[in-house]
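Have a look at the structure below before the remarks.
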Amino acid sequence: MRNGSARGDRSAQAGVRARAVAGLRALDCVDAKRLRPLLDDPAAGVVRETAAALLPSAEELPADWLLERIGCERPRHVRVGAFRLLDARGGVAALRAAVGLLEDPDVKLRTWAAQSVQRWHASPDERRGDSEVGELLDRCRHLFSDHVLRRRKWEAGVDN
């Protein structure tokens, strides 16, 4: 009985953390720096609420820190939360994450990554001619027609 009680306590604590994050978001009192550690929470509900709360601040979060969280060694809910933020952030980091997830063992994450790649466009404020963008687009050429691939590369300044 003791283990069941401990599990129930952990579940209740996770529920409290998730509701606290949801409350901060509702009150528009989100401090991205303080909430960041909750993206690694063992409870999926907490990570889901944290990702939702951090969406308006996605561009301010360190891309490398988010990219570390989409690796296969992380729990699925952490990977999903981090990718949600990277996708919202856009730019080369989002493309890098999405292309990396195209071979992920999780079919839903793979599908979402493919859709993200297909929606990706170079943003006007990014450095044009980034060779990494050309390489990433080439790695996922199977998702585009030849015309669309050429167009995406041209937009990014990496047309051949």
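Any idea what the relative contact order of region 2-160 is, in percent, if you count C-alpha pairs under 8 Å spaced at least 6 apart? Relative contact order for region 2-160 comes out at 15 percent.
For LEU149, the accessible area of its heavy atoms, probed at 1.4 Å with every protein chain present, is near 10 square angstrom.
Taking every Cα-Cα distance in the chain and sorting them into 5 Å bins from zero, the calculated P(r) comes out as 1, 9, 17, 18, 16, 13, 10, 6, 4, 2, 1, 1, 0, 0 percent. The charge dipole of region 49-134, taken about the Cα centre with unit charges on the Cβ atoms of Lys, Arg (+1) and Asp, Glu (-1), comes to about 260 debye, rounded to the nearest 20. Comparing Cα centroids, region 128-153 and region 32-63 end up 30 angstrom apart. Using Cβ point charges alone (K and R +1, D and E -1), the dipole size of the chain about the Cα centre works out to roughly 620 debye. Axis angle, to the nearest 10 degrees, between helix 146-156 and the longest C-alpha principal axis of the chain: 80 degrees.
The values are calculated or read from the model by the stated rules, or taken from the named source; none is laboratory data. Please read all numbers here as calculations on a predicted model, not as lab measurements. Don't worry about glycine lacking a Cβ; one is built from the backbone with ideal geometry, like all the others, and counts go over all protein chains shown. Each accessible area value is taken on the protein alone, full model and side chains, heavy atoms only, with ligands, DNA and RNA left out. Shrake-Rupley method; radii C 1.70, N 1.55, O 1.52, S 1.80 Å.
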